[in-house]
Amino acid sequence: MLAAFLGALLGLCNAASGAEESTAQAITVLAAGDISECNSPGAALTAQLIEKTEGTVLAVGDLAYPNGSLANFQKCYERTWGQFKARTLPTPGNHEYQTRDAAGYFAYFGKQAGEIGKGYYSVDLPGWHIVAINSSIDTGADSEQEAWLQQDLAANREPCILAFWHHARYSSGPHGDNKHMAPIWETLARHHASLVISGHDHSYERLTPLDATGHIDRQNGIRSFIVGTGGARLYNFAMRSNISEAWNGTNWGVLKLELSPGNYTWEFVPVEGGNFHDSGAGRCAAE
């Protein structure tokens, strides 16, 4: 799946061959959503961070404001994050669907966005299965996307799973929890996914690992991040709960992950002049 594009991504990964855990095998992933508003300097500033670091880029929806048209992508996104298009794995957000059927998004990214009209796909990096979900179409228990996800995860042979989509299942921000993502979350939990990255709320948040039903499971739950800090206007407001471990609504930045077989590290990297940092390490969920 997406074989030619995956080959290009693997050429950028600083991973060595073999299955043993080692920091020398770490794959760098840089992630954020809610990115390019033409009248905001944020996307240009976060692009400066990505420019300094090799690795796979996850573009986590709401990439080109105001309505995700092809013109928005060409005018706003292309001049900032567009320079990393060849190493980007994208997923659409609700603003992309303000253009009918997200036509601008699919036209801009082409085959990198998966099948036109669907926008969900998966790729394998050494030790990790990466799943892109489209949270702006049907995600119900009887949806085509959910059926595809079950089949995709059943066929997966990588030890660790990372999924990303736009609408966070759980969030302390103004948009709050997105219950329509529950079937996707539950399926990922059953297959022992380790990480989920979302956006939608224009802030950064790290949540404690949660099980399929949203209860705390620090050993084998899914650790999730909201990284709506790619450049759009920030939301400096949240109603934090006991599952929120870190939060900030004043700094643009990107989430930097170092993925190794069996474990990972994370670091929120703010743009120049930013004053918020968050970092740590974890192990993949046990089967």
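Quick note: the coordinates plus some simple rules give every number you see, no bench work behind them. In this text, all values refer to a predicted model and were calculated from it rather than measured experimentally. Heads up, the Cβs are rebuilt from the backbone with ideal geometry, glycines too, and the neighbour counts pull from every protein chain shown.
Quick one: Cα convex hull volume of the chain, Å³ per residue? Display every interim value, and only then the final one.
Numbers: hull volume 32.3 nm³, N = 287.
Per-residue hull volume (Cα only) is 113 Å³.
Pulled fully out, how much extra length does the chain show between Ala107 and Thr53, if you take 0.36 nm times their separation in residues and subtract their Cα-Cα distance? List each step's numbers first, then the result.
Working: separation 54, 0.36 × 54 = 19.44 nm, distance 2.69 nm.
Length gained, Ala107 through Thr53: 16.7 nm.
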- [ ] Describe numerically, in nm with one decimal, the distance between label points set 7 Å from Cα along Cα→Cβ at Asp217 and at Ser241.
- [x] 1.7 nm
Task: Highest-fluctuation residue, Leu259, Leu195, Leu49 considered, GNM on the chain with Cα pairs under 10 Å - done: Leu49
Task: Cα Rg, Dmax, segment 152-216, angstrom units - done: 11.9, 37
- [ ] Report P(r) for segment 174-267: all Cα-Cα distances, bin width 10 Å, range 0 to the bin holding the largest distance, values in whole percent.
- [x] 15, 48, 33, 4
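Between Ala147 and His277, what length comes free when the chain is fully extended (0.36 nm per residue of separation minus the Cα-Cα distance, one decimal in nm)?
Working: separation 130, 0.36 × 130 = 46.80 nm, distance 3.80 nm.
Using 0.36 nm per residue and subtracting the Cα-Cα distance, I get 43.0 nm.
Tell me the mean residue ellipticity at 222 nm calculated for the chain from its helices only (DSSP H runs of n ≥ 4, each -39500 (n - 2.57), averaged over every residue, nearest 500). Intermediate results must be reported in sequence, preceding the final value.
Details: 5 runs with 48 residues, N = 287.
My calculation for the chain gives -5000 deg cm²/dmol from helical runs alone.
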